[in-house]
Amino acid sequence: MSAERIFQSLPSDPDPWMTSGTPAEIREFAIESLRWQAQEIIDEVLCSNEPGEELARARLRRCVARNPGMPERALLEQLMTSRGRPGI
């Protein structure tokens, strides 16, 4: 499956990757864990001071702005749009 198709079908919760009998607490923990990890990655990228990475940081800021409260989607969007672009 291509990254574009994955992004388009990315659910807001991890149900597709869990069995139907998975408790709600586990599902909630999984999505919160994913969000936390994505936010940590975003924070690290945005804290960088490397001049050659400014374009990538600007793109990431736009992705974050388009996906408020969903850092996992913002990070995925950034990764998909930056494939093959210089300065990433």
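Checked against the criterion of being assigned to a loop (DSSP other than H, G, I, E, B) and among the aliphatic types (A, V, I, L, M), the stretch 47-61 contains not a single residue that satisfies it. Scanning the stretch 46-69 for residues that are surrounded by 18 or more Cβ atoms within 10 Å (Cβ to Cβ) and among the aliphatic types (A, V, I, L, M) yields a total of 3.
Quick note: the coordinates plus some simple rules give every number you see, no bench work behind them. Everything numeric here is computed off the predicted structure, so don't read it as measured data. Heads up, the Cβs are rebuilt from the backbone with ideal geometry, glycines too, and the neighbour counts pull from every protein chain shown.
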